[in-house]
Amino acid sequence: MKHIQIKSVIVSTLFILLASGCKKILEEEPRSIYTPEFFKTEKGVLGGITSQYAHLRFIYGQPYYYNALETGTDEYTYGQSADGNHKDMDLSGVGNLTGASSRSDVLWGVAFSNINTASGIIENAAAVGLSNALIAEARFFRAFDYFMLVQTFGGVPLDLGAGELKFNTTPSRKSVRNTVPEVYTKAIFPDLLTAINDLPVTGRVTGGATKTLARLYLSKAYLTYAWWLQNPNNIPTYPASPRTDPDGHDAAYYFQKAYDIATQAITEPGPFALENTFYDVHVGGNDRNKEMLLYADHTQESEFYNGSPITGFQSEIGNDGRNSAVWFVTWNYTNIRSAPNPDGTGAGVSSVQREAAQGLGRPYIRMAPPIGVFTNTFDEKTLDSRYDGTFSTVYRANWPKGGTTNATLYNANDMAVTPGQPILSFLEYQSQAVGLVYPTGGSFPGKTSNGVGAGQMPGRADFVVAPNGISRLMFPGLWKMGTYRTDNAGGLGQPNAPLTRPFKIAKFSELYLIAAEAAVKGATTVAGKTARDLVNVIRARAGKWKFSNKDNAALVADNSAAVTAATPATIDINYILAERSREYFGEGLRWFDLVRTQKWNELAGTYQICGTAAGDHTPVTVTRTIQPFHYLRPIPQGQLDGMEATPEEKAAYQNPNYQ
């Protein structure tokens, strides 16, 4: 194809994988163009392997693609400042998802370019003397990209112009989509099986591909394919294909394979393990931890090695692989005001200023979590640490960092507040909202404090919002993915620059939930690894506390016994999905989870949330129209425009009902 979505030659900007303090990094000479001739040299092939890791930045952390993975699920809807991209994805009657508006085009464009690069590595590496272990890295990423594509679009092309799974160097504007079974059995499974065999136990570089990583994705691919074969809710597939396996296996066979591979990876973890607490997994500065199997890397140390700017006021997207997804799920806390006078009057002061801190960061308000996240998914917030380790729920005063010299300001109930104290809090439970009163607008009559329509309760200096008051305007931020920097020098730092943290893609913990899901679907289990056993490994960790974000203080507690005791005796798919949301909330996995299990409409077909105006805390129920064809995203319009085909052929290429 001539169109950029499937490239005829390799054209990519190469970046470096940099781990702070680690000597084992990927080094390469930056090039703007990869020619087929250069690709037949050792330097060219090694550079191509480096680019396999670099391409992750153009997918993960890209905010509009992130929107495509979360908006419209039970984790997120559109926020007060949403544009058409977000409203289209919500499927709630405020937009229209089409091949031109769907931001899954981000994946299509990046993945096919990288697949062709991977095929070039596989074809040329042996000739230039590279080891099977290095070739296996390319095999892993080719399978990784195809797995992402087939889950998103259904069957996709295996032939990019030179033959199936061949390196293409000749411009071609023709394309034929393979079926879902062909993509799995010809590309994904063989590449991952070879990768498991040839990859090292310990990565050759920090963040490099390993046997454990390949086992994670093979078990997940087996699991997803098994669901596809079973098709419990009669969801259509495209291109049209019988729900049969070319090798004659049924869904039960693949559920068992998923369980076996996942439990093997748990038993033979190599250097990987669960972190001691959920907080440890996500606290800034510990991103490259022992639980992380794959991430899109970034660094604060260098703009070039970060892959995007590290200072200044930057846009959310660019051509440089910037990480800015979390901006979309951050509300504008900077609109909170505290008063300079004891009677709540005077020129209101922004008492919580925009700061490059994990609990704050840059607000965009494009996406908002519905109320059910706080009343259903995270219904237990006292024993289970994951609510506290996921959200920013208390916004503390930091006005001196912005140059305001007042020692004291006046907040809710005209009570005095000082730097570091809570200015606005989201209550954990609706039952805590005793005496809660909201203003009808941004502030109470005659007061300059508040400004955002939060409520107040007797005896509290912080403004408050109860779970049922979560709105498209005001909602807890996503602490787990927030900004982390070490160069703030006591000030506000660089909150408007893209994040310099790695974007987490795959964790060791997911192996437990993949195996548990396969067990629920009928896989024969071994002693000590029933579905409940596996889930309780994750839940036991969730019961361990090290730090309280809410209180901004150390909190050492072990509630593992109580958390695991609360696990149902019989685990079902809905419980697995709830557990996955508690563990991976907002990390870009939710749409795939709901599509895989065909639970999207059941779990996200309606949601509750308050409106967009300050002071609006009246929940409304919103209904989404999630139809069977929505379980596939539309082929990007740019792909169709670049094809040499008749209108009828283009219509047949597009997924049904998106014409």
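The values are calculated or read from the model by the stated rules, or taken from the named source; none is laboratory data. As the structure is a computational prediction, the values presented were derived from the model and not from experiment. A quick note on method: Cβ atoms are made from the backbone with ideal geometry, for glycine too, and the neighbour counts reach across all protein chains shown.
Look through the stretch 293-341, keep the residues that are aliphatic (A, V, I, L, M) and assigned to a loop (DSSP other than H, G, I, E, B), and return whichever of them is surrounded by the most Cβ atoms within 10 Å (Cβ to Cβ).
Among them, the one singled out is 336.
Please state which one of 508, 503, 463 is aromatic (Phe, Trp, Tyr) and under 23 Å from residue 409 (Cβ atoms).
Values: 508 fails: under 23 Å from residue 409 (Cβ atoms); 503 fails: under 23 Å from residue 409 (Cβ atoms).
Being aromatic (Phe, Trp, Tyr) and under 23 Å from residue 409 (Cβ atoms) holds for just one of 508, 503, 463, which is 463.
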task = Would you tally the residues in the stretch 281-305 being farther than 24 Å from residue 391 by Cα and touching a Pro at 6+ places or on another chain (Cβ under 8 Å)?
result = 2
note = The condition from (1) surrounded by 24 or more Cβ atoms within 10 Å (Cβ to Cβ); (2) in contact with a strand residue (DSSP E or B) (Cβ under 8 Å, 6 or more places away or on another chain); (3) not polar (S, T, N, Q) that residue 94 misses is numbered (1)
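How about the stretch 417-447: which of its residues are under 17 Å from residue 340 (Cα atoms) and surrounded by 20 or more Cβ atoms within 10 Å (Cβ to Cβ)?
Of all residues in the stretch 417-447, those under 17 Å from residue 340 (Cα atoms) come to 417-424, 443-447.
Correct list: 417, 422, 423, 424, 443, 444, 447.
If you check 342, 363, which single one turns out to be over 26 Å from the mean Cα position of the chain (by Cα) and touching a residue at least 24 places away in the same chain (Cβ under 8 Å)?
Details: 363 fails: over 26 Å from the mean Cα position of the chain (by Cα).
None of the other options fit; the residue is 342.
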query = Can you name the number of the only condition in (1) out of contact with any Gly (no Cβ under 9 Å at 6 or more places or on another chain); (2) surrounded by fewer than 23 Cβ atoms within 10 Å (Cβ to Cβ); (3) acidic (Asp, Glu) that residue 414 fails?
reply = (1)
message = Which of the strands (runs of 3 or more DSSP E) found entirely inside the stretch 381-492 contain at least 3 residues meeting this: hydrophobic (A, V, I, L, M, F, W, C)?
response = 422-426, 463-465
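Restricting to the stretch 615-631, count the residues that are in contact with a helix residue (DSSP H, G or I) (Cβ under 6 Å, 6 or more places away or on another chain) and aliphatic (A, V, I, L, M).
1
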message = So, in the stretch 79-120, exactly how many residues are over 16 Å from the mean Cα position of the chain (by Cα) and either in a loop (DSSP other than H, G, I, E, B) or within 26 Å of residue 330 (Cα to Cα) (or both)?
response = 23
message = Please determine whether any residue of the stretch 61-82 is out of contact with any helix residue (DSSP H, G or I) (no Cβ under 7 Å at 6 or more places or on another chain) and within 18 Å of residue 318 (Cα to Cα).
response = no
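Name the single residue, out of those in the stretch 493-511 being aliphatic (A, V, I, L, M) and outside any loop (DSSP other than H, G, I, E, B), that is nearest to residue 324 (Cα to Cα). First the steps, then the outcome.
First pass over the stretch 493-511, keeping only residues aliphatic (A, V, I, L, M): 497, 499, 505-506, 511.
In the following step, the residues that additionally are outside any loop (DSSP other than H, G, I, E, B) were identified as 499, 505-506, 511.
On the way: 499: 6, 505: 15, 506: 19, 511: 27 Å.
My answer is 499.
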Total residues in the stretch 149-181, condition under 30 Å from residue 600 (Cβ atoms) and either among the small types (Gly, Ala, Ser) or without any contact (Cβ under 8 Å) to a residue 60 or more places away in the chain (or both) = 8
Residue list for the stretch 157-207, filter: closer than 26 Å to residue 504 by Cβ and at pLDDT below 95 = 204, 205, 206, 207
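If I filter the stretch 590-604 down to residues being outside any helix (DSSP H, G or I) and among the polar types (S, T, N, Q), which single residue comes out as farthest from residue 505 (Cα to Cα)?
Within the stretch 590-604, the subset outside any helix (DSSP H, G or I) is 597-599.
If we keep only those that are among the polar types (S, T, N, Q) as well, we get 597-598.
Details: 597: 20, 598: 22 Å.
That would be 598.
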key: Residues that are in contact with a Pro (Cβ under 7 Å, 6 or more places away or on another chain) and not in a helix (DSSP H, G or I), drawn from the stretch 210-237   = 210, 235, 236
query = What is the number of the single condition among (1) under 28 Å from residue 548 (Cβ atoms); (2) in contact with a helix residue (DSSP H, G or I) (Cβ under 6 Å, 6 or more places away or on another chain); (3) crowded, with 21+ Cβ neighbours inside 10 Å that residue 350 does not meet?
reply = (3)
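Matching residues to (1) among the polar types (S, T, N, Q); (2) surrounded by 19 or more Cβ atoms within 10 Å (Cβ to Cβ); (3) part of a loop (DSSP other than H, G, I, E, B); (4) in contact (Cβ under 8 Å) with a residue 12 or more places away in the chain:
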position	(1), (2), (3), (4)
517	no, yes, no, yes
522	no, no, yes, yes
526	no, no, yes, yes
534	no, yes, no, yes
538	no, yes, no, yes
547	no, no, no, yes
555	no, no, no, no
561	no, no, no, yes
